[in-house]
Amino acid sequence: MQLEPKKITKELKLQLLSEHFEKGTSISELSRLNGIHPVTLYKWKRLMKDDLEGKPDVNMLRQEIKKLQKEKDQLLKAYGAAKLDNELLIDLTNFLKKKYQKHQSKQQKNSLKEAENLTKK
């Protein structure tokens, strides 16, 4: 079974190395059977050991960072839009309050004029 190095998935690497760990098949025998250089198998073994010791997968961390940056950008846009909406509502509320106060003062003036007119008669 000849394997092309670029087409070997992590699962296949783990499967090949599990034969070594579980069945006791030697690295040299695994390399002959699968057409993989023994140095490559030893490298995989070392990397698998590092993975089991809890060393982070750099590619996975990079993907997570990109994902979090996209999420951050989306949240910042949403926050900005909400803040803008809030500021617009505050401005509109202040404008309407002033308009209402002007209207109230006009009504009071009109009612005072009417009262004065009634008292003059």
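Among [x] 38.3, 122; [y] 16.3, 48; [z] 17.8, 65, which is the computed Rg and Dmax of the Cα atoms in Å?
[x]
Output the pairs from 13/66; 13/43; 7/67; 10/67 with a Cα-Cα distance over 19 Å in this structure; if there are none, say none.
Violating the 19 Å Cα-Cα cut-off are 13/66; 7/67; 10/67.
How far, in nm, would the chain grow between residue 39 and residue 14 when pulled straight, counting 0.36 nm per residue and subtracting the alpha carbon separation?
Full-extension gain reported as 7.4 nm.
Which lysines have a Cα lying under 25 Å from the Cα of residue 98, excluding residues fewer than 8 positions away in the same chain?
Of all the lysines, those that pass the test against residue 98 - Cα under 25 Å, at least 8 places apart if same chain - are 83, 106, 109, 113.
Set Lys and Arg Cβ to +1 and Asp and Glu Cβ to -1, take the dipole of the range 73-121 about its Cα centre, and tell me which of 117, 107, 88 lies farthest positive.
In the range 73-121, that residue is 117.
What does the net charge come to around residue 74 if you take all other residues with beta carbon closer than 14 Å to its beta carbon, with K and R at +1 and D and E at -1?
+3
Over its Cα atoms, what ratio of radius of gyration to 2.2 N^0.38 Å does the range 73-121 give?
2.19
Readers should treat all values here as calculations from the given coordinates under stated rules, not as data from a laboratory. This is a predicted model, so every value here is computed, not measured. Glycine gets a Cβ as well: all are built from the backbone with ideal geometry, and neighbour counts include every protein chain shown.
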